[in-house]
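Below is one structure, written out as structure tokens, with a few remarks after it.
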Protein chains: 2
Amino acid sequence: MADKTTIYDVAEKAGVSRQTVSRVLNNRQDVSDETRERVKNVMDELSYHPSAVAQSLSRQKSYIFGVVTAGLRFIGPSRTLSGITSKAEELGYGLLLKELASYNSNNVKPLLQWFKSHQVDGIIWAAPEIEDNRYWIKDMIPDLDIPVLFLTMEEQSQVTIVTTDNLNGAKKATEHLVQQGRKHIGHISGPMEWWEARQRKLGWETALKEAGIETTEQMWALGNWSPKSGRSAFLELLAKFPEMDGVFVGNDQMALGVLESLLEIGKKVPRDLSVVGFDGIADSEFYCPPLTTVYQNQDELGRVAVAELTSQVEQKLTKNIVVEPKYITIQPELIIRRSS
Amino acid sequence: MADKTTIYDVAEKAGVSRQTVSRVLNNRQDVSDETRERVKNVMDELSYHPSAVAQSLSRQKSYIFGVVTAGLRFIGPSRTLSGITSKAEELGYGLLLKELASYNSNNVKPLLQWFKSHQVDGIIWAAPEIEDNRYWIKDMIPDLDIPVLFLTMEEQSQVTIVTTDNLNGAKKATEHLVQQGRKHIGHISGPMEWWEARQRKLGWETALKEAGIETTEQMWALGNWSPKSGRSAFLELLAKFPEMDGVFVGNDQMALGVLESLLEIGKKVPRDLSVVGFDGIADSEFYCPPLTTVYQNQDELGRVAVAELTSQVEQKLTKNIVVEPKYITIQPELIIRRSS
DNA sequence: GTGAAAGCGCTAACAC
DNA sequence: GTGTTAGCGCTTTCAC
């Protein structure tokens, strides 16, 4: 009952047409200053606020982006989301949020349709690339007719992607271990279904190869990103690669598990073994010892994504040109602490 | 260009009126089976999907909730958000998300207005209560005319609140230390501007009082939730309360800092000092030693909030009754690990 | 059972 | 500069 005031009420009370009110609303120039003032005053008096829903319907533009995320209970995705919210706020866009119940979304179509029916101006796909959960891109994106931007995935023609350079980050981490004089550098990876895990492993392999070391199956073990898995993967790895004196771990959480099991078996870090993680989560500074890690700025990732999407949307709108897909890469940086 | 098909196209092709199509869309019973079938087939052929925006405008109901969060870069809020997304999905609601740039939001009014203009059916305020950042409730909520549900705040008449029972959780933690035979139990709190921090401190005081111990200023120190602050607060506390043999820390992250500084100064946990945290974040199981902590199910918090809000919205809609405010409390549970 | 008319609140296109 | 006329795509009376 509070806000039943519509553009019509304002028009009537101000003694003008609804059009004129609309013009004032949209800051058009073709209104006399005198009229504009009068209308604005009436708006205040009536505490009038336009209906965004009606505007969306009429303009065919909502100033809303759809955001798809997954695994919010982990720290990474929410950092990215935070970057998205802040940049969207800056640029005047709202966000319609969906979290995938499982990474392997098989009902992408209804989701995209839902966004479309809400007339979002663009979509940010911030869920990780795992297995073939991107299979639908070629089928769906073209006739969706809404710009979609993907986060964290392999370069692909036809779609714009913003991602941390996982391969290069992993290379930096491994090179650091090499420079520290480590000769037997192992790797604990995330699940191989994850693109990020594969990239990081590849970075480790590449760096070692460039250092003249050939990697073998004995030199790496598989984890699932969790501290617990990091721990068991490490024990497994140590058993089959006993000479290991350095390890690049696929993420900080698994590195936490590694550090803990090192403590238990009485090995000193970094004296006996150097450890380097990936992600640069805030806690890593307080592990014992503080963890050397590759920091990826996920907040920035989200911000860049929104900025790019906005730019594409507005270009499409004003110049009616469809921007060609880009592959935007963000470089992570090595943070050296006491674990190496 | 893909989805220019409207209800009108369907009506025309099916040889019925737009209303009939609408009836089929809304599963009304007053349509003959034969007509329904025909219309449905045409919908499929044209791959027609109704516009949610047009429906919102027409029905004056959007099936969207507004969500306000803050501090997504920390792990707590995003867990809650995850609970919110999953339950909302189950109940058929979408989410319009806003993250406060700072905890002390002074521009609440435009935010609420924005939600209102988007015709959200309800609002979940999931940002923490800090200082007087709730001052606006009495002024704004009544004439907003949209149900608003608050998370994590002090009971207050007129508004529905869902919260973890921080006081009781803190009591449990402290009582546990007492039962372990600790005689000198200190506390490191979060910032006193935070309601949660005050509640947890109060729980510590209450438990000690019930155990016959009077708390003094010497027995607690102030942190800011971060590991770093936990560390310095602990050192400060140890200096003025040297006989301390147990400490209840306001959250797990600060407890991490405490554990690290204990390692540095060479004190054994729990032999010399027992440590208990609060939150039950996943990592706490992998601190050294694994942390005893009070687990609060933030996912559930979000789910309960959505369920309650939905219930209120639908009751208001069907029976046209405004549900009276509730204060819903979720009990956290003590998880005992090696740090105590 | 089905259709016609009116309306949700606003904007775009064209008049004057 | 300002008003008129049509929509945007759907639902809600109320006829028949």
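So the values come out like this:
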item	result
For A:VAL294, residues with placed amide H under 5 Å, excluding near neighbours	A:GLY277, A:PHE278, A:ASP279, A:GLY280, A:ILE335
Farthest positive-ward along chain B dipole, Cα basis, beta-carbon charges - from B:ALA70, B:VAL42, B:LEU97	B:VAL42
Rel. contact order, % - alpha carbon contacts under 8 angstrom, at least six apart, the stretch B:117-174	32
Largest-first principal axis extents, alpha carbons of the stretch A:54-114, Å	37, 28, 11
Sparsely packed trypsin sites (Lys or Arg not before Pro) within the stretch B:1-56, loop by DSSP, other Cβ within 10 Å at most 16	B:LYS4, B:ARG28
With 10 Å bins from 0: P(r) over the stretch A:83-231, alpha-carbon pairs, percent	9, 32, 28, 19, 10, 1
Part-to-part distance (alpha-carbon centres) for the stretch B:313-338 and the stretch A:273-340, which is given in Å	37
Positive minus negative residues near A:ALA221 (Lys, Arg vs Asp, Glu; Cβ under 14 Å)	+3
The stretch B:1-99 - charge dipole about Cα centre, Lys and Arg +1 at Cβ, Asp and Glu -1, debye rounded to 20	440
Restricting the stretch A:106-215 to GluC sites (Glu not before Pro) in coil, as DSSP defines it, with at most 14 other Cβ within 10 Å	A:GLU131, A:GLU154, A:GLU155, A:GLU214
Cut-off under 5 Å, modelled amide H: who pairs with B:SER274 long-range	B:GLY246, B:VAL247
Relative compactness, the stretch B:256-340, computed as alpha-carbon Rg over 2.2 N^0.38 Å	1.69
Per-bin percent of Cα-Cα distances, chain B [20 Å]	28, 42, 21, 9, 0
Vicinal HN-Hα couplings computed from phi for the stretch B:60-77 (Karplus, 6.51 cos²θ - 1.76 cosθ + 1.60; Hz; Gly/Pro x)	6, 8, 10, 6, 10, 10, x, 10, 10, 10, 7, x, 4, 5, 8, 7, x, x
Full-extension gain in nm, A:ALA101 to A:ASN320, via 0.36 nm per residue minus C-alpha separation	75.2 nm
Cα-based helix-to-principal-axis angle, A:195-210 vs chain A, degrees rounded to 10	40
Simple Cβ-charge dipole of the protein assembly as shown, Lys/Arg +1 and Asp/Glu -1, about Cα centre, in debye nearest 20	120
Distant alpha-carbon pairs in the stretch B:29-81 (separation over 14 angstrom), percent	73
Positive minus negative residues near B:ARG18 (Lys, Arg vs Asp, Glu; Cβ under 14 Å)	+1
Electrostatic dipole magnitude of chain B [Cβ: Lys, Arg +1; Asp, Glu -1; Cα centre; debye, to 20]	140
Nearest 10 degrees, 0 to 90: helix B:252-265 Cα axis against chain B principal axis	30
Share of alpha-carbon pairs per 5 Å distance bin for the stretch B:198-237, given as whole %	6, 22, 24, 23, 16, 8, 1
Sparse-neighbour loop sites [GluC sites (Glu not before Pro); the stretch B:1-85; at most 11 other C-beta within 10 Å; DSSP]	none
The protein assembly as shown - Debye-derived log10 I(q)/I(0), Cα point model, q = 0.06, 0.09, 0.11 Å⁻¹	-0.41, -0.88, -1.19
Rounded Å value of the spacing that divides the Cα centres of the stretch A:226-247 and the stretch B:11-29	64
Shortest-first distances to equivalent copies, position B:LYS319, nm, label 7 Å out along Cβ	5.9
Rounded tilt (10° steps) of B:33-45 against the dominant C-alpha axis of chain B	70
Number of partner chain Cβ atoms within 10 Å, mean per residue of B:275-285	2
Percent of beta bridges antiparallel (DSSP, the stretch B:246-340, rounded to nearest 5)	30
Label distances, nm, A:ALA239 versus same residue in remaining copies, Cβ-directed 7 Å point	4.9
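Quick note: the coordinates plus some simple rules give every number you see, no bench work behind them. Predicted, not measured: the structure shown is a model, and the values here were computed from it. Glycine also receives a Cβ, built like all others from the backbone with ideal geometry; neighbour counts cover every protein chain displayed.
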